[in-house]
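These notes concern the structure reproduced below.
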Amino acid sequence: MQRRLEMNLTQAEAARRAGRSLDTWRKWEADPSSVGEESRRRCSAVLRLEVHEVPVGSDVGDLYVRTWGECPFMTPRQAYAISVQLDVWNDIEISEWVQSPDEPLYTVGPFESFDLPVMMLVGENRAWAAGVAQRCAVIAREIESGVLPCDRPGPYIDEVLFGAASNAARGWAEIDPSLVEPVPAREETRGDAGDDEYRVGDDYWGELYDEFDDRSRWTDYDYPLLKDNPALRHLLDERPPLTWLDPPFDPDPDLRALLSMMPGVEG
């Protein structure tokens, strides 16, 4: 607690930076062994404590290096930052709003990054917000295991959330790199002469954006994140926000063939 006070951090702000709930932070301050090893690592990272000062098991950095260390377009630190941002939205911002909606939902992350017409249709729907929080948790755990939303079928909101989390994580990771120190840094690397092997460094996010654009299953996933996008109205007509949590409709080949033969139905 002394270290947190020296840094002029409230428990709520420290918990937000750690990507953990306020309750988890309070438990960690009272007894570090009462929370999981990843929570211990994240809480200690916020206060910039040395590893020996907080009891931990395996290094969380090892996890991200194993899953993303050889990835050419995203570094382990970038993957970690995105996971942390998703956890912050799930554990803190959305969860606290669902329990006590004292402010408009459009002011809460990640919804503050959505263009306003989206949130005008959502209103103050707590069930929808809770569903989004659950998707944040799912995506964060999948990233830890080396899977991105574009790697498997999923609801539209998953790719929207990944895009929003990437933008937000880039912002705070560049402002305060110490928040991603639990994961080893990586510099840009190139292969030998004539070798096209390439891996981005921590400071370059453009390759991740380009790769995700190319591989996304929902090619319009970024429309809600673009301010005053003229194509957004058509998207909202065809796919209202309250359907964004729905699983994708992908009929089996026989059903698809049957539908294609029905009058007025395109295959």
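Numbers for the structure displayed
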read-out: Tally, over region 80-106, of residues that are farther than 14 Å from Ala168 by Cβ and part of a helix (DSSP H, G or I); value: 8
read-out: Residue match in region 185-197 (condition: of a type in the set (Ser, Thr, Tyr), under 29 Å from Asp237 (Cβ atoms) and out of contact with any Ser or Thr (no Cβ under 9 Å at 6 or more places or on another chain)); value: no
read-out: From Ala168, Ala140, residue being within 19 Å of Tyr209 (Cα to Cα) and either touching a residue at least 60 places away in the same chain (Cβ under 8 Å) or outside the structural domain of Gln99 (by TED's automatic domain parsing) (or both); value: Ala168
read-out: Qualifying residue in region 80-91 (condition: out of contact with any Phe, Trp or Tyr (no Cβ under 6 Å at 6 or more places or on another chain), at pLDDT below 95 and β-branched (Val, Ile, Thr)); value: yes
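For every residue, the table says whether it meets (1) farther than 30 Å from Arg77 by Cα; (2) among the charged types (D, E, K, R); (3) at pLDDT below 95.
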{"site": "Tyr198", "(1), (2), (3)": "no, no, yes"}
{"site": "Leu225", "(1), (2), (3)": "no, no, no"}
{"site": "Pro230", "(1), (2), (3)": "yes, no, yes"}
{"site": "Leu236", "(1), (2), (3)": "yes, no, no"}
{"site": "Pro241", "(1), (2), (3)": "yes, no, no"}
{"site": "Trp244", "(1), (2), (3)": "no, no, no"}
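The values are calculated or read from the model by the stated rules, or taken from the named source; none is laboratory data. Predicted model only: the values in this text are computed from it and were never measured. Neighbour counts run over all protein chains shown; Cβ positions are idealised from the backbone, glycine included.
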